[in-house]
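Quick notes on the structure that follows.
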Amino acid sequence: MPKITIDARTIDVPKGTSVLEAAQLLGVYIPRYCYHPRLSVSGNCRMCLVEVEKAPKLLTACSTEAAEGMVVRTDSEKVKAARRDVLEFLLINHPLDCPICDQAGECGLQDYYMDYSRAKSRFPAEDKVLRQKRRALGPHLVLDNERCILCTRCVRFCSEVTKTSELEVMERGDHSFIDLKEGKALDNGYTLNIADLCPVGAWTSRDFRFKQRVWFLKKAPAVCLGCATGCLMEAHYNDNTIYRLVPRPNAETNTWLCDRGRMTYKAAAAGDRLSKGVIKNGLIDLEPALREAATRIDEAKDAAAVLGSPWLSVEDNAALALLAGGMKTENYCFDFKFETGIADGILVNKDPSPNAAGAARVKAASGGLNFEEFLARLSGGKIKLVLTEARAAGLLKDALKASGARLIVFANNRGEIPAGAYATLPYASYFETPGTFINYQGLERRTEPVVQAPEGVKPLWQVVNKLSAYSGASLRLDSAEDALKGLDKK
Ligand code: SF4
Ligand code: SF4
Ligand code: FES
């Protein structure tokens, strides 16, 4: 454990710790562009220069290992002058794009210029080296080479994280630029992390570009429900609209997000979002839709069935379990067995659903059939009506077709409704209502409302509660927690 002194404060650090990381442990921030905690050290931007006693020149803190007795200054006049010089150098050929650059407001060049430079450029604008401007690369990104400071984070991400190595630095000196390798396409499933990693506005997201100035955005914690990994993320929103999802790095699950997970916010504001009920393809108000669904459930008596869903929260599955109890049917199931584990060595899970473990918690408390038994009863004609969530209904596809059983589903969007569904009831998405999910590691994660649901659209447990009031199975739930309490009593 070498003992190192930084700005007159001493700390013991594990062997192999860099000066930059040792400073971080002491709460001393050293500016950086090329350093990233999850990428290899390249030490090329020089922004992290510090003064080390007995060293003849300033050293890069990111690539210098802390050594016993080392004395470091991060705030000397020499260091401050070096930071100004590095910024002048990085800005020499940088375009005057800030007013039209999507990175403005969260740009490493803007921030460090204000913190460490504020010097006037001595370089004539007409002598700037011009490089290629905006160019779409891959389905999600735009590259503006003129804004690039050649930190190589994007290149290292593609070679070290996705291991797809699509990018490289071409040419030499001030004519260097980032480019796609010949024959490669930038579509590795994780490309939007590059827009986050790029410290300047060289890589920007095609989806987010010019939608909002970042200083208008508010931030809220969110959980990705795109698969069983359950990545933690942050939703950036304004005026009841989500504009982008970015990672909320954590030690347990994720530093990055996959591109598909990033786009999951779109369904909440999609044009086919349901705010009314659907009976046999026709839209009708929610109340008559609920009454119709309740009549059909009552009519089916003990041949009615409830299938929970690994796409629903623990609370909403618990409400469905209570409804099954109220309906006095033995045909209910909260058992979903998917193979789990990271499928691609990065994040994407083999299990496409976010909450099979949460459904299993409901099954443990309320019992019910296992999935094979449920399927056998459906295929054997013992079940005449199934109430479930739209994606869970997809698991019954063939059996539903063969049995001719009536299907009533809960869905967020019209595009989710399975063919042949008799009735569909809308519910609030998990960007609009709280819910508990349990990921493949058994970690409990809670979604919190970021935006409001469309007018009249309620959380699923409330829709279930209303459905119960219209049928003979009144539950009288006042909150999602009531559904959980109901489980506890069983
Ligand atoms: S494009 Fe961005 S991330 Fe890539 S080298 Fe340039 S500045 Fe760094
Ligand atoms: S890996 Fe799964 S949970 Fe993580 S961002 Fe992608 S879809 Fe979402
Ligand atoms: S952060 Fe150290 S050289 Fe770039």
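The values are calculated or read from the model by the stated rules, or taken from the named source; none is laboratory data. Please read these numbers as outputs of a predicted model, since none were measured by experiment. Because the Cβ atoms are built from the backbone with ideal geometry, glycine has one as well, and the counts that use them run over all protein chains shown. Accessible surface is based on the protein model in full, side chains and every heavy atom, while ligands, DNA and RNA are left aside. Shrake-Rupley method; radii C 1.70, N 1.55, O 1.52, S 1.80 Å.
Straight-line cross-link partners of Lys219 among the lysines, defined as a Cα under 26 Å from its Cα and at least 8 positions apart when in the same chain: Lys211, Lys266, Lys458. Each Lys and Arg adds +1 at its Cβ and each Asp and Glu adds -1 at its Cβ; summed about the Cα centre, the stretch 325-455 shows a dipole of about 440 debye. Less than 5 angstrom separates the built amide H of Phe410 from those of Thr388, Glu389, Ala390, Leu425, all sequence-distant by 5 or more or on a different chain.
The number of Lys pairs in the stretch 48-199 with C-alpha atoms less than 29 Å apart, excluding pairs fewer than 8 positions apart on the same chain, is 17. Label sites at Lys3 and Glu455, each approximated as a point 7 angstrom past Cα along Cα to Cβ, lie 7.0 nm apart.
Rounded to the nearest 20, the size of the Cβ-charge dipole of the stretch 48-198 about its Cα centre is 260 debye, with Lys and Arg at +1 and Asp and Glu at -1.
Taking amide H atoms as placed 1.01 Å from N in the peptide plane, the amide H of Thr191 lies under 5 Å from those of Asp259, each 5 or more residues away in sequence or on another chain. R0 = 41 Å: FRET efficiency of Arg209 with Lys301, Cβ-based, nearest 0.05? With a Förster radius of 41 Å, E is 0.15.
Give me the number: length gained by fully extending Asn240 to Ala376, i.e. 0.36 nm times residue separation minus the C-alpha to C-alpha distance, one decimal in nm. Value of the extension gain: 44.5 nm. In terms of distances greater than 29 angstrom between alpha carbons, the cross-link table entries Lys397/Lys466; Lys218/Lys337; Lys280/Lys350 yield Lys218/Lys337; Lys280/Lys350.
Projecting the Cα atoms of Ile346, Leu39, Ile279 onto the dipole axis of the chain, where Lys and Arg carry +1 and Asp and Glu carry -1 at the beta carbon, places Ile279 farthest toward the positive end.
Surface analysis of the stretch 277-489 yields an accessible area of 42 Å² per residue, using protein heavy atoms and a 1.4 Å probe. A Cβ-based charge dipole, computed about the Cα centre of the chain with Lys and Arg at +1 and Asp and Glu at -1, lands at about 380 debye.
Once you reduce the stretch 1-72 and the stretch 216-293 to the center of their Cα atoms, the two points are 41 Å from each other. The slack between Lys401 and Leu26, meaning 0.36 nm per residue of separation minus the straight C-alpha distance, is 128.6 nm.
Projecting label points 7 angstrom from Cα along Cα→Cβ for Glu330 and Ser165 puts them 6.2 nm apart.
Compared with the alpha-carbon gap, the fully stretched path from Asp187 to Glu448 is longer by 90.9 nm at 0.36 nm per residue.
Note on Leu130 and Glu68: their simple-model spin labels are 5.9 nm apart, each label 7 Å out from Cα toward Cβ. Mind running the shape call on the stretch 104-247? Use the C-alpha gyration tensor, a ≥ b ≥ c as the square roots of the eigenvalues: rounded below 1.5 for a/c, prolate if a/b tops b/c, oblate otherwise. Oblate, since a/c reaches 1.5 and b/c is not below a/b. Relative contact order of the chain, taken over Cα pairs closer than 8 Å and 6 or more residues apart, is 11 percent. For the stretch 277-489, just say rounded, prolate or oblate: build the C-alpha gyration tensor, square-root its eigenvalues into a ≥ b ≥ c, call rounded for a/c under 1.5, and beyond that prolate if a/b exceeds b/c, oblate if not. Rounded shape, in that the Cα axes give a/c under 1.5. Projecting the Cα atoms of Ser366, Asn412, Pro449 onto the charge dipole of the stretch 277-489 (Cβ charges, centred on the Cα centre) puts Ser366 farthest toward the positive pole. A simple rule links phi to the HN-Hα coupling: the Karplus curve 6.51 cos²θ - 1.76 cosθ + 1.60 with θ = phi - 60°, which for the stretch 288-296 gives x, 5, 5, 4, 4, 4, 5, 4, 5 Hz, with x for Gly and Pro. The aspartates and glutamates within cross-link reach of Lys485, meaning a Cα-to-Cα straight distance under 19 Å and a gap of 8 or more places when in the same chain, are Glu315, Asp316, Glu444. Between Tyr430 and any residue 5 or more places off or on another chain, the built amide H atoms are never under 5 Å apart.
Each residue of the stretch 123-137 is assigned a 3J(HN,Hα), and the resulting list reads 9, x, 4, 6, 8, 4, 7, 8, 10, 5, 8, 3, 8, 6, 10 Hz, derived from the Karplus form 6.51 cos²θ - 1.76 cosθ + 1.60 (θ = phi - 60°), x at Gly and Pro.
Among rounded, prolate and oblate, which fits the chain when a ≥ b ≥ c are the square roots of the eigenvalues of its C-alpha gyration tensor, a/c under 1.5 means rounded, and a/b larger than b/c means prolate? The shape class here is prolate. Surface composition of the stretch 160-255: carbon plus sulfur atoms hold 49% of the accessible area, using a 1.4 angstrom probe and ignoring ligands, DNA and RNA.
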